[in-house]
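So the structure is just underneath, and the comments pick up after that.
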Amino acid sequence: MVNLLLKFIGFLAFMPMKLIAAVVRLEVHGAEHIPQGGYILCPTHMGDLDAYLIRRAFHNNPHSEKWNRYLYRLEAGPWARRLFLTWWGGWILEDTGPNIGALRGALQWLEQEHPVTIFPEGHQHGESTFYHGAAFLACRSDKPLLPLVIDRGVFVAKGTPFYIFPFVVLWRHLRRARQVSLRFCEPLQPDVERYHHGGHRYLECLTKQLVKQIGKDEVH
């Protein structure tokens with residue numbers, strides 16, 4: 001009963017954003033780089049419409065659209081977290097603790113040859129500070145990283161409750177740009193042997209390769 005209620009609330013909260021994303025002009029480049037089976041999708045994080053635009057980009061790839069799950073951070077209370085998980089699926093990383101359950105869930109999903117999406121910049125929009133989580137998943141699963149550049153994305157001022165005023169997002173987007181471009185880059189295959197010998201140093205190296213592919217220049 002609770003899950004049905006959360007799904008209904010999620011429909012009311014997220015469907016307007018999906019409708020907005022559906023009317024945004026979208027160009028998709030490099031779709032031929034999308035691997036078969038499991039991989040870690042690593043998009044730049046430009047705004048609150050990112051996940052919806054990614055789903056649109058996978059419209060002609062039913063496997064990725066249906067089975068893609070997110071590994072993300074979310075600064076919200078327990079009910080909001082349950083709402084996100086019910087609607088999007090996936091796992092939430094905590095700022096404290098080892099996050100063993102979430103990481104194990106993502107690794108098991110990759111082992112089943114399904115894609116996992118993680119924003120390497122964390123939950124902040126356009127901060128250009130990249131973390132090593134995506135590289136860690138790639139090395140532990142021996143699955144490729146798939147960099148995705150979201151260009152001219154939708155920025156929303158911090159504190160704007162998009163789920164209450166979703167059309168504020170559209171208004172801000174139209175003021176900034178009327179078209180968004182998604183570009184899939186060539187996948188990066190991890191060197192598991194180098195990871196076993198180099199550990200954190202290799203994670204940093206792989207993350208720098210990812211950053212270079214995406215066209216950014218800062219690693220945390």
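Which residues, taken from region 75-84, are in a loop (DSSP other than H, G, I, E, B) and either within 19 Å of Met15 (Cβ to Cβ) or without any contact (Cβ under 8 Å) to a residue 12 or more places away in the chain (or both)?
Residues satisfying the conditions are Ala76, Gly77.
How many residues, within region 39-57, are over 23 Å from Gly101 (Cβ atoms), outside any helix (DSSP H, G or I) and modelled with pLDDT of 85 or more?
Result for region 39-57: 2.
Working only within region 85-101, note down all residues that are of a type outside the set (Gly, Ala, Ser), touching a Phe, Trp or Tyr at 6+ places or on another chain (Cβ under 9 Å) and without any contact (Cβ under 8 Å) to a residue 60 or more places away in the chain. Show your work before the answer.
Step one: filter region 85-101 for residues of a type outside the set (Gly, Ala, Ser), giving 85-88, 91-96, 98-100.
Filter once more, so that each one left must be touching a Phe, Trp or Tyr at 6+ places or on another chain (Cβ under 9 Å): 85, 87-88, 91-93, 99.
Hits for region 85-101 are Leu85, Trp88, Trp91, Ile92, Leu93, Asn99.
Does at least one position in region 102-114 carry a residue that is of a type in the set (Phe, Trp, Tyr), in a helix (DSSP H, G or I) and free of Cβ contacts under 8 Å to residues at least 24 places away in the same chain?
Just the residues of region 102-114 that are of a type in the set (Phe, Trp, Tyr), to begin with: 109.
Remaining after also requiring in a helix (DSSP H, G or I): 109.
If we keep only those that are free of Cβ contacts under 8 Å to residues at least 24 places away in the same chain too, we end up with none.
Scanning region 102-114, I find no residue that is of a type in the set (Phe, Trp, Tyr), in a helix (DSSP H, G or I) and free of Cβ contacts under 8 Å to residues at least 24 places away in the same chain, so the answer is no.
Do you know which of the residues in region 89-116 that are within 28 Å of Glu27 (Cα to Cα) and surrounded by fewer than 17 Cβ atoms within 10 Å (Cβ to Cβ) is modelled with the lowest pLDDT? Before the answer, list the steps.
Step one: of region 89-116, the residues within 28 Å of Glu27 (Cα to Cα) are 89-90, 110, 113-116.
So of that shortlist, the ones also surrounded by fewer than 17 Cβ atoms within 10 Å (Cβ to Cβ) come out as 89, 113.
Values: Gly89: 80, Glu113: 93.
Per the stated criteria, the residue is Gly89.
Filter region 117-147 down to the residues that are modelled with pLDDT of 95 or more and not in a helix (DSSP H, G or I), then identify the one that is farthest from Asp191 (Cα to Cα).
So, considering only residues that are modelled with pLDDT of 95 or more and not in a helix (DSSP H, G or I), the one farthest from Asp191 (Cα to Cα) is Pro147.
Out of all the residues in region 10-53, which are surrounded by 15 or more Cβ atoms within 10 Å (Cβ to Cβ), β-branched (Val, Ile, Thr) and farther than 21 Å from Pro115 by Cα?
Ile20, Val24 - these are the residues of region 10-53 that are surrounded by 15 or more Cβ atoms within 10 Å (Cβ to Cβ), β-branched (Val, Ile, Thr) and farther than 21 Å from Pro115 by Cα.
Looking at (1) modelled with pLDDT of 80 or more; (2) out of contact with any Lys or Arg (no Cβ under 9 Å at 6 or more places or on another chain); (3) assigned to a loop (DSSP other than H, G, I, E, B), which is the only condition Asn60 fails?
Just one mismatch for Asn60, condition (1).
Considering Leu74, Leu85, which residue is in contact with a strand residue (DSSP E or B) (Cβ under 6 Å, 6 or more places away or on another chain), surrounded by 13 or more Cβ atoms within 10 Å (Cβ to Cβ) and modelled with pLDDT under 85? Walk me through how you get there before you give the answer.
Values: Leu85 fails: in contact with a strand residue (DSSP E or B) (Cβ under 6 Å, 6 or more places away or on another chain).
When all the criteria are applied, what remains is Leu74.
Under the condition of being within 20 Å of Val211 (Cβ to Cβ) and assigned to a loop (DSSP other than H, G, I, E, B), which residue from region 148-162 is modelled with the highest pLDDT?
Of region 148-162, the ones within 20 Å of Val211 (Cβ to Cβ) are 148-153.
Within this subset, residues satisfying the condition of being assigned to a loop (DSSP other than H, G, I, E, B) are 152-153.
Working: Arg152: 63, Gly153: 53.
Within region 148-162, the match that is modelled with the highest pLDDT is Arg152.
The values are calculated or read from the model by the stated rules, or taken from the named source; none is laboratory data. Everything numeric in this text was worked out from a predicted model, so none of it was measured. Quick reminder, even Gly has a Cβ in these numbers, built from the backbone with ideal geometry, and neighbours come from all protein chains shown.
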